[in-house]
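Accompanying notes for the structure given below.
The values are calculated or read from the model by the stated rules, or taken from the named source; none is laboratory data. Small disclaimer: the values here were computed from a predicted structure and weren't measured. Virtual Cβ from ideal backbone geometry, glycine too; neighbours counted across all protein chains shown.
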Amino acid sequence: MKHIKTLTLTFAFALTLAAAPTAFAATSREGMDMKSMGNMEMKSSAASQHAPRPVAAEIKKIDAQTGKVTLKHGPIENLGMSAMTMAFPVKDRASLKDFKEGDSVLATFDKVDGKPTVVDLRRP
């Protein structure tokens, strides 16, 4: 009997937690002037849910003249990009001298001037 009572209480608690965000969302918009929302910058849901985090990558090519690096990288969550090999501009072009093709790195990506850019590049 104790086991059934514990399961019932656990289930009730889980339902309460599941319903809480919905109740909060419904009440948090009350009294908001939706016209003023037009001036707010809206971001894609993928970009707004994830802060930039280092992504494991391998340097395939370095072009110091253009300040670009070609990386074979894992998924970039904050930009909504899947794993692929692609050339990216590097925010700190001078840092490219510290790396060579074939190096394993941790790359942090973000948008700079609207373009996916390597904002940090370091060794794991």
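Residues of the stretch 94-124 that are surrounded by 15 or more Cβ atoms within 10 Å (Cβ to Cβ) and in contact with a Ser or Thr (Cβ under 9 Å, 6 or more places away or on another chain): 109, 110, 118, 119, 120, 121. Of the residues making up the stretch 64-83, at least one is within 18 Å of residue 51 (Cα to Cα), in a loop (DSSP other than H, G, I, E, B), under 18 Å from the mean Cα position of the chain (by Cα) and touching a residue at least 24 places away in the same chain (Cβ under 8 Å). Restricting the stretch 103-117 to residues that are acidic (Asp, Glu) and not in a strand (DSSP E or B), the residue that is modelled with the lowest pLDDT is 113.
Selection of the stretch 67-92 for residues being polar (S, T, N, Q) and surrounded by 15 or more Cβ atoms within 10 Å (Cβ to Cβ) yields 70, 78.
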